[in-house]
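What follows is a single structure, written as structure tokens, with notes after it.
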Amino acid sequence: MLTSPHTSARIYRVALAVPIFSLFDYLAPDDAPVCLGVRVEVPFGKGSKIGVLVAVAESSTVAEAKLRPIVRRVDEQPVLVAADMALLQWVSRYYHYPLGMVISTALPAGLRQGKAAVLPRARYYALTEAGRGFDALLLKRAPQQKKLVEQLQGQDGVISEAELALGGSTWRAVVKALQDKGLLALADAPEVAVRAFNQQPGLACNADQQAAITAVTESFGQFRVFLLDGVTGSGKTEVYMQLIAVALARGLQVLVLVPEITLTPQLEERFRRRFSVNIALSHSKLTDTQRQTAWLQMQQGECAILLGTRSALFTPFKKLGLIILDEEHDTSFKQQEGLRFSARDVAVVRGQRVGVPVVLGSATPALESLYNAEAGRYRHLRLPKRAGEAVQPGLQLLDIRNQRLQEGLSEPLLAAIRATVAKGEQVLIFLNRRGFAPTLICHSCAWVARCRRCEANLVIHRHEQRLRCHHCGSEQALPTLCPACKTGVLTALGLGTERVEQLLGGLFADKVVVRLDRDTTQRKGTLEQFLEQINTGQADIILGTQMLAKGHHFANVTLVAVLDVDSGLFSIDFHAAEKLAQLLVQVSGRAGRADKLGKVVMQTRRPDHPLLLALLHSGYHRFAQTALAERQEALLPPFSYQALLRVQAAHADAPLQFLAAVVDLLAEAASPELLVLGPVAAPMAKRAGLFRYQLLLQSTDRRLLHQALGRLVPQMEALKSKQKVRWSLDVDPVDL
Ligand code: ADP
Ligand code: ZN
Ligand code: ZN
């Protein structure tokens, strides 16, 4: 490269976590070796910030006199190597989000703040000679000690402090007691993270499972996407585990993503029973330190498996060999604030860049994924039958028109519940609304409790005697008298899980009713406790929100009831039908998993609705075909590409002024291939005190759409009306 005499100074180009679409230039120290991907501390305004060195340049567009030197280099070794950085740069370009903010999303909090990127020196323990031959039954009065000895006897006998800590907070005392007994001692670190890994052999697979395992195994070491399309209970998880075993045997690391934090404990437990390797976890309930440790462990190859939710996707790996995404249809994989990325789509891009297979698993694949499979971009692997003996449950629509309802439950449904619990089997009742009731209304003057900051009703939480907004979190005491007319009686309208729980508690006083929703599982450990109660048969009736629909195994459930199908049938968002179909199939997948025949009852006032009938008579795949045909007709995704520009402001007119200017900007570069739809008020026109509007851009040509966005973003930043609003761009939105 040629250097002109005037620009001999070396410039560090640094990505900072600020909402500005450019890198920041600083003077590099003269003698510093260049190492991209290290963190640096740089002066910023009156203070300083931690950023990541992204490029080194010979010159800057900023006058040299204005350039300031960096304060210090934080790392010797890069925290992000070239491949990691390249992925983040792709994400920044694709989602039109500043690189510094993307990097900041990818880094654990500690690293973001400049903490040292070092792992605590891991200590390992192993059984002594005496410990290996010890009869663990002699420890039956000290169950934790017994468990650890048994665990170590069952594998190659080395365990790290990190793994011990995952077993519970008392591990130090357990270790000390075993050391005092001469059964356990400090040990050398194992050579590689992937040690003797098979704790338990895999199951003998059926032909479909075997075909899937073979197909993916043959593709190790190269990029290929597999859609593992298998009904609930068909043994997808078994396929994942056998594929993980292949990766581990080759010394490769595996990334496993699940949509919801509530799914990590059961999968973790299955993995731990099967493999005796370090498993790192990454999700939002962990402490910053735990997440940073997981991040560094994967980066440095100390852990073989990372199990996490969408944010775990950006964890750097030393030797990534396989990516698995379970429940790939789940929209929780799409982040809904900040960097609005789709973990599924970025996982595919990551697999492509690193050259590893990506397995997308689901019983109800997303329409996009089915389309990609049909188009030959993904390899379609099907597991059409349930593994083992279990049969698919029978679906039944229950017409509740003109039926007497008790808190939303019809008499035939109540009879079915009675019959099921009488046999000692479990019932699962699904209602996707938490709280007692969604509306509090005055019986005299029709006053309704509304949120002052949102275009929404306040939800009654009767147990706590509170009214709560589920959108902005504001709350107040539950009034006893109508605040408007001061005389009227207040009535609860509609159904929430709390209300149904109350009814069931009364009707089935001698049975155990468990309610699973965000309110009852807030405290750490409560979800696990409930799941335990369900799995050990202590619970008779399980009631819950969509939390129940996701991947849990309830072997003794033989009746599933969906109380309110209809509220999902009417929506202006074209995604709604797909989501409802997935939800219904997923919920019904919870029934009759083992040897018992399951039944699914869906209460509806629209027993003739085409969507319900298609699902009922032809199943999810036929529904998906019909829905895809409709989308093709209307040129909706996946037959076109969308980006949603959302704008909000404290003043009602500001968003519309801003969007009018945006429409003008777009008109300058108008193309018949680029549709500009709107501006329109957002589905919730006011939220948390802010007025919200949106503009939808759509094109059948993805490149064209992105070119337009690439031009638009800096232009929007320069608009004067920008000062009064906050905007965000949602590429490939899943919620309109
Ligand atoms: P999915 O992930 O598709 O819901 P799982 O892998 O959890 O399915 O399997 C469902 C149940 O079937 C589990 O209890 C599992 O142990 C069992 N199972 C899976 N594969 C087999 C097999 N090949 N033979 C016998 N049982 C199996
Ligand atoms: Zn009133
Ligand atoms: Zn509100």
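Points to keep in mind about this one:
- Pairs where the first residue, in the stretch 275-301, is outside the structural domain of residue 316 (by the TED database) and at positive phi and the second is assigned to a helix (DSSP H, G or I) and among the basic types (Lys, Arg), C-beta under 6 Å, 6+ apart: none
- In the stretch 353-377, the residues that are farther than 19 Å from residue 579 by Cα and surrounded by 23 or more Cβ atoms within 10 Å (Cβ to Cβ): 356, 357, 358, 359
- Flag if residue 638 is at negative phi and modelled with pLDDT of 95 or more: yes
- Close pairs (8 angstrom Cβ cut-off, 6 or more residues apart or separate chains): in the same structural domain as residue 684 (by the TED database) and within 13 Å of residue 439 (Cβ to Cβ) in the stretch 467-479, part of a loop (DSSP other than H, G, I, E, B) and more than 8 Å from ligand 3 (Cβ to nearest atom) anywhere: none
- If the condition is being crowded, with 21+ Cβ neighbours inside 10 Å and under 28 Å from residue 164 (Cβ atoms), then the stretch 85-111 contributes 107, 108, 111.
This table checks each residue for (1) touching a helix residue (DSSP H, G or I) at 6+ places or on another chain (Cβ under 8 Å); (2) within 16 Å of ligand 1 (Cβ to nearest atom); (3) not acidic (Asp, Glu).
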site: 367; (1), (2), (3): yes, no, yes
site: 373; (1), (2), (3): no, no, yes
site: 381; (1), (2), (3): yes, yes, yes
site: 399; (1), (2), (3): no, no, no
site: 410; (1), (2), (3): no, no, yes
site: 429; (1), (2), (3): yes, no, yes
site: 433; (1), (2), (3): yes, no, yes
site: 440; (1), (2), (3): no, no, yes
site: 452; (1), (2), (3): no, no, yes
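- Residue that is nearest to residue 217 (Cα to Cα) [pool: residues in the stretch 254-275 that are in contact with a Phe, Trp or Tyr (Cβ under 8 Å, 6 or more places away or on another chain) and at pLDDT below 95]: 275
- Condition met for residue 218 (modelled with pLDDT under 90 and acidic (Asp, Glu)): no
- Filter result for residue 249 (farther than 21 Å from residue 343 by Cβ and either in contact with a Gly (Cβ under 7 Å, 6 or more places away or on another chain) or within 16 Å of ligand 2 (Cβ to nearest atom) (or both)): no
- Unmet requirement for residue 178, which otherwise passes all of (1) closer than 23 Å to residue 315 by Cα; (2) hydrophobic (A, V, I, L, M, F, W, C); (3) at pLDDT 90 or above: (1)
- One residue stands out among those in the stretch 27-43 that are of a type in the set (D, E, K, R) and not in a strand (DSSP E or B): the one that is modelled with the lowest pLDDT, which is 31.
- Matching strands (runs of 3 or more DSSP E) fully within the stretch 380-463 where at least 2 residues are in contact (Cβ under 8 Å) with a residue 40 or more places away in the chain and within 16 Å of ligand 2 (Cβ to nearest atom): 439-442
- Within the stretch 205-230, tally of residues that are touching a Lys or Arg at 6+ places or on another chain (Cβ under 6 Å), of a type outside the set (Gly, Ala, Ser) and within 14 Å of ligand 1 (Cβ to nearest atom): 2
- Lone qualifier among 624, 614 - being crowded, with 18+ Cβ neighbours inside 10 Å, farther than 26 Å from residue 684 by Cβ, at pLDDT 90 or above and not assigned by the TED database to the domain that holds residue 371: 624
- Subset of the stretch 416-443 that is farther than 20 Å from residue 607 by Cα and among the small types (Gly, Ala, Ser) - its residue that is surrounded by the most Cβ atoms within 10 Å (Cβ to Cβ): 435
- Residue check, residue 290 more than 25 Å from residue 77 (Cα to Cα) and surrounded by fewer than 21 Cβ atoms within 10 Å (Cβ to Cβ): no
- When 583, 569 are screened for being under 30 Å from residue 466 (Cβ atoms) and either touching a strand residue (DSSP E or B) at 6+ places or on another chain (Cβ under 6 Å) or assigned by the TED database to the domain that holds residue 509 (or both), only 583 passes.
- Residue 452 being surrounded by fewer than 13 Cβ atoms within 10 Å (Cβ to Cβ), within 16 Å of ligand 3 (Cβ to nearest atom) and outside the structural domain of residue 683 (by the TED database): yes
- Any helices (runs of 4 or more DSSP H) falling wholly within the stretch 224-330 and containing at least 1 residues that are of a type in the set (Phe, Trp, Tyr) and closer than 23 Å to residue 346 by Cα: 236-249, 288-299
- Residue 350 fulfils the conditions (1) surrounded by 23 or more Cβ atoms within 10 Å (Cβ to Cβ); (2) assigned to a loop (DSSP other than H, G, I, E, B) except for a single criterion, (2).
- Flag for residue 102 being in contact (Cβ under 8 Å) with a residue 12 or more places away in the chain and part of a loop (DSSP other than H, G, I, E, B): no
- Of the listed requirements (1) modelled with pLDDT of 95 or more; (2) part of a strand (DSSP E or B), residue 705 misses just one: (2).
The values are calculated or read from the model by the stated rules, or taken from the named source; none is laboratory data. Keep in mind it's a predicted model, so treat the numbers as computed, not measured. Note: ideal-geometry Cβ built from the backbone for every residue, glycine included; neighbour counts use all protein chains shown.
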